[in-house]
Amino acid sequence: MNNASQLAKKFFKLWTDTCAKRRRILLRDFSNSRLFTVHVLTDEDSVIRHIANAMKLQCYDNYYCLDAVLFDEHDVVRASPQSTTACVRRVRVAFEHENDFNSGLFQEVCHLLITDCDLRVLVSYPENPEDLKYQLDFLHKVIKGTGRSQSISETSSFLFIVDTLGKTTLKKWQAFVYRSAAWKKLAA
């Protein structure tokens, strides 16, 4: 198993564990997309920050057009010692979160595909199995049509995580890794 494949499995395990620990607060606010997203991405106790800490990585949310990036501290370059402007030279994990399964996934996949990183992660919440099947097929075609598709397949560097019950329980997670022939389902 290669490092990226291990990274995808590790991220998925940390995602499910962290969401389980924060389930009460996530469920409380899941119908409020803005507040729910804050819990996932931007508050000090966010899901993505917990994952970054567990992976011993740093986290920037809202990094250029990406919802979040995880990186090693030594991979940051600043314009000057006093500057708040920073460049992450090596993104370990590029992360996109989409509440609206049937409208925003294409754009999120495009953000991830133009990002040079070790692992691309997309999380969303399908309303039903038919929507999930449609999007898996459609997004597979989008990725397959890129010049990076073979490399993404070989390195297991695109992870798609879904709550298969559409945010109603936040405990029935599935994960898929892009492969050239078809998405490969990861074991929970």
| request: Could you tell me which of the residues D118, D72 is touching a residue at least 24 places away in the same chain (Cβ under 8 Å) and surrounded by 14 or more Cβ atoms within 10 Å (Cβ to Cβ)? | output: D118
| query | Does S124 fit the bill of being of a type in the set (G, A, S), out of contact with any Phe, Trp or Tyr (no Cβ under 8 Å at 6 or more places or on another chain) and in contact (Cβ under 8 Å) with a residue 12 or more places away in the chain? | reply | no
| query | surrounded by fewer than 19 Cβ atoms within 10 Å (Cβ to Cβ), in contact (Cβ under 8 Å) with a residue 60 or more places away in the chain and hydroxyl-bearing (S, T, Y) - does that describe any residue in the range 33-42? | reply | yes
| task | Quick one: in the range 86-110, of everything that is surrounded by 15 or more Cβ atoms within 10 Å (Cβ to Cβ) and in contact (Cβ under 8 Å) with a residue 60 or more places away in the chain, which residue is farthest from V69 (Cα to Cα)? | result | F101
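Rule-based calculations on the coordinates, nothing more; no lab input. What you see is a predicted model; the values in this text were computed from it and never measured. Cβ atoms come from the backbone with ideal geometry, glycine included; neighbour counts cover every protein chain shown.
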